[in-house]
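The values are calculated or read from the model by the stated rules, or taken from the named source; none is laboratory data. The shown structure was predicted, so the numbers you read here are calculated from the model rather than taken from an experiment. Neighbour counts run over all protein chains shown; Cβ positions are idealised from the backbone, glycine included.
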């Protein structure tokens, strides 16, 4: 209830400031202007294409990062050599903002979508790998003891105890990885022209169309909130309902 | 299942020092007996249980079950941990059927067994609850059901009722005695509560502070089922306390 009131108030204020024409149109986007921009984008098809372009890249990049991250995390948890060598790289590269991979990616893959995908993957991969490794390595000994005592071992022990126990940590890493991937994608699309929301954002600037800029920003925010609500809040809630406050 | 510790010592190597948890212990438990281990904290009682469970190996001596050396864990010797150690990602029902799934018991039979067990420990209404929703006493009940599901010859219990209030403990004492009288498995019960030991056990072994040695052995011949208010219990508890370290 409070939220609805606040939002309505904000929109009302926006509308008012727009009609007062205090600032020129290239600095202050009016409410009607932004709405018109969104409608135009949908009618022309430019907005759906941009949204789909970005989402597609995000989904592909994130899926690659998810699979490779979990596998890498698993390997690092068990192969000491790997942990001491590759693990060191993972630790180091975590401090590198993933967008910094773009110049490297462009040199490797040329000015193509592959370069952006690489950046998206790098954004998510490291958090997921780290979380997978942590989750697996930090399985409480007492669960392993209890399970072994009841006769579990080997692959079954892994599937029924170690992986479920790692789930809360992994879920956190997955959420973190997603937001890094989203950010690197937007940064990448801003720098390199490719059909997507980042490109549309830059176009708005180049055309001095403030309405378009704000319209795209709102779409980006909307998408971010939706995926968070749809996917990760559900994931977090399911973990919390099982684990209660025991979730690490 | 008969259990035996023969000349068992257990040292724990820590950086810079070595801690002797058990010092040349000799302990013999007959099949079907209810044996209690009492002693001060840190005297190695838990180590004894872990040795019997196969989760730990002795530094010296032999740990035996039915005359053969124990080489590892086995669902025939189940340990119930101090804080139940239930799996938080599984429901009560899934926890209890864990050992049955390992044994590849078919679903119908599994469901039936789990239902019976949950009824025995009075948790049938909570079959689909999550572990974090349970109180301490409820968790111990589920842990008991999970252990009994695999029908173990030996039940090893590590101060299972230590964290519970007196009322819950009294109820669980009654339930445990009932279950044991029906199932007839060998029970090794660790506690620092002497009256609890006298209430439940056929024999009581008193252990010393670390390095743990057996100080005394007591036979409890009171008729069963026993209650805390029974006449013999206070006197025997006093006797046992007399043989314990101050």
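Within the stretch B:51-69, the only residue that satisfies the criterion of being within 14 Å of chain A (Cβ to nearest Cβ), crowded, with 23+ Cβ neighbours inside 10 Å and either part of a strand (DSSP E or B) or without any contact (Cβ under 8 Å) to a residue 60 or more places away in the chain (or both) is B:51.
Applying the criterion of at least 1 residues that are in the same structural domain as residue B:226 (by TED's automatic domain parsing) and free of Cβ contacts under 8 Å to residues at least 12 places away in the same chain to the strands (runs of 3 or more DSSP E) found wholly in the stretch B:1-42 leaves B:3-14, B:17-29. Looking across A:217, A:194, A:162, A:221, one residue alone is over 12 Å from residue A:54 (Cβ atoms) and more than 18 Å from the chain's Cα centre (by Cα). It is A:162. Against the list (1) modelled with pLDDT of 90 or more; (2) touching a helix residue (DSSP H, G or I) at 6+ places or on another chain (Cβ under 9 Å), the condition residue A:159 fails is (2).
Take residue B:67 and tell me if it is at pLDDT below 90 and closer than 20 Å to residue B:153 by Cβ.
Working: at pLDDT below 90: yes; closer than 20 Å to residue B:153 by Cβ: yes.
Taking the combined requirement at face value, the residue satisfies it.
Could you list, in sequence order, the residues of the stretch B:183-195 that are under 25 Å from residue B:149 (Cα atoms), touching a helix residue (DSSP H, G or I) at 6+ places or on another chain (Cβ under 9 Å) and in contact (Cβ under 8 Å) with a residue 40 or more places away in the chain? Passing the criteria: B:185, B:187, B:188, B:189, B:190, B:191.
Of all residues being outside any helix (DSSP H, G or I) and at pLDDT 90 or above in the stretch A:116-156, which is farthest from the other protein chains (Cβ to nearest Cβ)? Just the residue, please. The residue in question is A:138. All conditions but one from (1) within 12 Å of another protein chain (Cβ to nearest Cβ); (2) more than 17 Å from the chain's Cα centre (by Cα) apply to residue B:154; the one that does not is (2).
Give me the pairs, please: first residue somewhere in the stretch B:123-138 and within 14 Å of another protein chain (Cβ to nearest Cβ), second residue anywhere and assigned to a helix (DSSP H, G or I) and crowded, with 16+ Cβ neighbours inside 10 Å, beta-carbon distance under 6 Å, and either six or more positions apart or on two chains. Going by the 6 Å Cβ cut-off, the qualifying pairs are B:129/B:92; B:130/A:242.
Scanning the stretch B:30-49 for residues that are crowded, with 18+ Cβ neighbours inside 10 Å and within 19 Å of residue B:1 (Cβ to Cβ) yields B:34, B:35, B:36, B:37, B:48, B:49.
Is it the case that some residue within the stretch A:51-61 is in a helix (DSSP H, G or I), modelled with pLDDT under 90 and over 21 Å from the mean Cα position of the chain (by Cα)? No, every residue in the stretch A:51-61 fails to be in a helix (DSSP H, G or I), modelled with pLDDT under 90 and over 21 Å from the mean Cα position of the chain (by Cα).
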